[in-house]
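Values in this text are rule-based calculations from the coordinates and carry no lab data. Just so we're clear, the structure is a prediction, and the values are computed from it rather than from any experiment. A quick note on method: Cβ atoms are made from the backbone with ideal geometry, for glycine too, and the neighbour counts reach across all protein chains shown.
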């Protein structure tokens, strides 16, 4: 056997070992269980879990839409909500068929505590309405020409019906 045959044989052996290693890796990856996407705390240790009993203003993002005739009402209203501790989302015009005197909160979740907290901040008579579609990120607020301020006496947090567990990034 000459040198060329030895090189060819060694190359084939190395390639077969690489192919076998890749096959083992592929079979393990294909047969591994899928991550549990239904649970937010799958794979968390107790040290990485955070239990939340309240929804706070800083946890809630708010988008504001102008349903009145005053120019810039959505932007100034969003600024007032941000100054009150909420996280800002979008500001723009409400759908043309929306009629709002003062303010109304729209949400896509029934019994949404974040929407209830926003409604409380807008005043005791502010209603929460369940709608099929979001207008923007977070809780949607439609404001009319009579909206003027966030209620300074409103709660800054709202107790949840059930505590929520979630994973936190510790690294």
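See the values below:
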item	result
Prolate/oblate/rounded label for the chain (Cα gyration tensor, a/c 1.5)	prolate
Helix-only mean residue ellipticity at 222 nm for the chain, each DSSP H run of n ≥ 4 adding -39500 (n - 2.57), per residue, nearest 500	-10000 deg cm²/dmol
Among 32, 84, 154, residue whose mean-square fluctuation peaks in a GNM of the chain (springs only between Cα atoms under 10 Å)	32
In nm, spacing of pseudo-spin labels at residue 31 and residue 82 (7 Å Cα→C-beta vector)	5.5
The chain: angle of helix 73-83 to the longest principal axis, Cα-based, in degrees nearest 10	70
Gaussian network model of the chain, Cα within-10 Å springs - most flexible of 21, 123, 144	21
Label-point gap, in nm, between residue 20 and residue 71 - each point 7 angstrom along Cα→Cβ	7.8
The chain: angle of helix 3-31 to the longest principal axis, Cα-based, in degrees nearest 10	30
Calculated FRET value between residue 146 and residue 90, using beta carbons and R₀ = 22 Å, to 0.05	0.50
Cα gyration tensor category, rounded, prolate or oblate, for the range 72-119 with a/c compared to 1.5	oblate
